[in-house]
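What follows draws every value from the coordinates through simple rules; no lab data is involved. On a predicted model such as this, the values are computed, not experimentally measured, just so you know. When we count neighbours, we look across all protein chains shown, and the Cβ atoms used for this are built from the backbone with ideal geometry, even at glycine.
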Amino acid sequence: MSPYFDMNAEPRLIDGRDMEPPEPLELALAALATLGPGEELVMLLRCEPLPLYAILERSGYRHRAELQADGSNEIRIQKA
């Protein structure tokens, strides 16, 4: 398992700022498959993950993205 993905953290965190595609997307999909009610997945990325947003919408997740001071995106994901 990648050191960027911590299944025990609250919320779960994927720091994909130094990853190459498609690794952040693959980790997000694996995390979403086990995300329980009320749990949150937080992703830190240097890009806007448009393919992920489409998957989230089709799969019944809500997300909130916020641009950080360092220019990265923080995306918070929960089951809708």
### Message
Among the residues of the stretch 46-64, what is the count of those that are within 20 Å of Glu10 (Cα to Cα) and out of contact with any Leu (no Cβ under 9 Å at 6 or more places or on another chain)?
### Response
1
### Task
Scan the stretch 20-69 residue by residue and report those that are in contact with a strand residue (DSSP E or B) (Cβ under 8 Å, 6 or more places away or on another chain), loosely packed, with under 12 Cβ neighbours inside 10 Å and either among the hydroxyl-bearing types (Ser, Thr, Tyr) or outside any loop (DSSP other than H, G, I, E, B) (or both).
Arg62, Arg64, Glu66, Leu67
### Task
Please enumerate the residues belonging to the stretch 63-80 that are free of Cβ contacts under 8 Å to residues at least 60 places away in the same chain and either within 11 Å of the chain's Cα centre (by Cα) or on the phi > 0 side of the Ramachandran plot (or both).
His63, Arg64, Ala65, Gly71, Asn73, Glu74, Ile75, Ile77, Gln78
